[in-house]
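For reference, the structure is listed below as structure tokens.
The values are calculated or read from the model by the stated rules, or taken from the named source; none is laboratory data. Predicted model, so just to flag it, every value in this text is computed and none were measured. Here Cβ is always computed from backbone atoms with ideal geometry, including for glycine, and neighbour counts include all displayed protein chains.
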């Protein structure tokens, strides 16, 4: 076995009903993002992805999967677990947005305030995160990403093909339009 | 026996070696881990940008390597002092070996040395008997991820017991 020069470019874990999805279920284009709430590159991509969803609202849906690199981002894992606690209460995307809009406030105290701001029960959520109630869920996303060749964050797959371009708005729109026309 | 790109190929016996792993002179090499798969991750340099850094990613992926009882060794021509600071900054707990003096000697033996004077970005997976089971060369600027390694470990493990920890 010697693999020639190549980088895995396909999503190996298909989107299913356990995924967090934003946008129309029947959208012809699906972007799967592997992200880390404490990663500044993910933070930079966040408003652009939101704008893509706004400008191509009938065409595209976004799936978010966790890829916390905890050894360099000490708050990434707990942020991901908090997002899962919000998901259990049908508030995943509200929490997702708050986390990316407050990337410098992911320490436990501020995170708990954020949970409260969203109207979620901070003590319950803290208790769930402390006993790692959602750690397996986060880990499953991470492992699926690893097996799909995710090598850093953010990594995007557009209709299961890895997006090799940048994450600014024109490049993302071009990728979506190309996939929609394909 | 090396491939046309120079990298050691599967089916070859992996050259044994030890390299300094810590400033106090402790040396580590694949021969110390017979009976377990060993992943040699040659890489050009410490201190590449954080979110796309290969060694940082491998630390995060360590539980997956552990499932195969695999040993991971990072190798570059950086000194033990650079490795130590890099490992501390990125929370890397697996050994980073210094192919520093004579510079690049081990990388050369694996066909993983470049004319720029750095290790190539190359992955070599050894089976528990020390034979090369899989190898892959990547462009220096491309982090190859961990999927190829895990596929190779899975193949090695398919006729062996997968360790659950």
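Would you check which residues across region A:125-138 are surrounded by 13 or more Cβ atoms within 10 Å (Cβ to Cβ), part of a helix (DSSP H, G or I) and more than 14 Å from chain B (Cβ to nearest Cβ) and list them?
In the first step, residues of region A:125-138 are kept if they are surrounded by 13 or more Cβ atoms within 10 Å (Cβ to Cβ); the result is A:125-126, A:128-129, A:132-135, A:137-138.
If we keep only those that are part of a helix (DSSP H, G or I) too, we end up with A:125-126, A:128-129, A:135, A:137-138.
If the condition is that a residue be surrounded by 13 or more Cβ atoms within 10 Å (Cβ to Cβ), part of a helix (DSSP H, G or I) and more than 14 Å from chain B (Cβ to nearest Cβ), then A:125, A:126, A:128, A:129, A:137 are the ones that fit.
Here is a check on your reading of the model: is residue B:97 at pLDDT 95 or above and assigned to a helix (DSSP H, G or I)? Judged against the criteria, residue B:97 is not a match. Can you tell which of A:94, A:107, A:141 is touching a residue at least 24 places away in the same chain (Cβ under 8 Å), surrounded by fewer than 14 Cβ atoms within 10 Å (Cβ to Cβ) and under 20 Å from residue A:40 (Cα atoms)? Within the list A:94, A:107, A:141, the selection yields A:107. Please find, among B:78, B:24, the residue that is farther than 25 Å from residue A:67 by Cα, modelled with pLDDT under 95 and not in a helix (DSSP H, G or I). Answer to the selection: B:24. Scanning region A:12-40 for residues that are over 15 Å from the mean Cα position of the chain (by Cα), without any contact (Cβ under 8 Å) to a residue 40 or more places away in the chain and surrounded by 19 or more Cβ atoms within 10 Å (Cβ to Cβ) returns a single hit, A:27. Residues that are buried (at least 20 other Cβ atoms within 10 Å of the Cβ) and over 27 Å from residue A:14 (Cβ atoms): does region A:52-68 have at least one? Scanning region A:52-68, I find no residue that is buried (at least 20 other Cβ atoms within 10 Å of the Cβ) and over 27 Å from residue A:14 (Cβ atoms), so the answer is no. Evaluated against (1) under 22 Å from residue A:160 (Cβ atoms); (2) without any contact (Cβ under 8 Å) to a residue 40 or more places away in the chain; (3) surrounded by 20 or more Cβ atoms within 10 Å (Cβ to Cβ), residue A:72 falls short on exactly one condition, (1). Of the residues in region B:36-48, at least one is modelled with pLDDT under 95, within 13 Å of chain A (Cβ to nearest Cβ) and within 23 Å of residue A:155 (Cβ to Cβ). When restricted to residues that are over 16 Å from residue B:44 (Cβ atoms) and crowded, with 21+ Cβ neighbours inside 10 Å, region B:101-126 contains 2. If you go through region A:147-159 and keep only what is at the interface with chain B (Cβ under 9 Å from one of its Cβ atoms) and farther than 11 Å from residue A:65 by Cβ, you end up with A:147, A:149, A:151, A:152. Report the residue count in region A:41-69 for those that are touching a residue at least 24 places away in the same chain (Cβ under 8 Å) and out of contact with any helix residue (DSSP H, G or I) (no Cβ under 9 Å at 6 or more places or on another chain). Residues in region A:41-69 being touching a residue at least 24 places away in the same chain (Cβ under 8 Å) and out of contact with any helix residue (DSSP H, G or I) (no Cβ under 9 Å at 6 or more places or on another chain): 5 in total.
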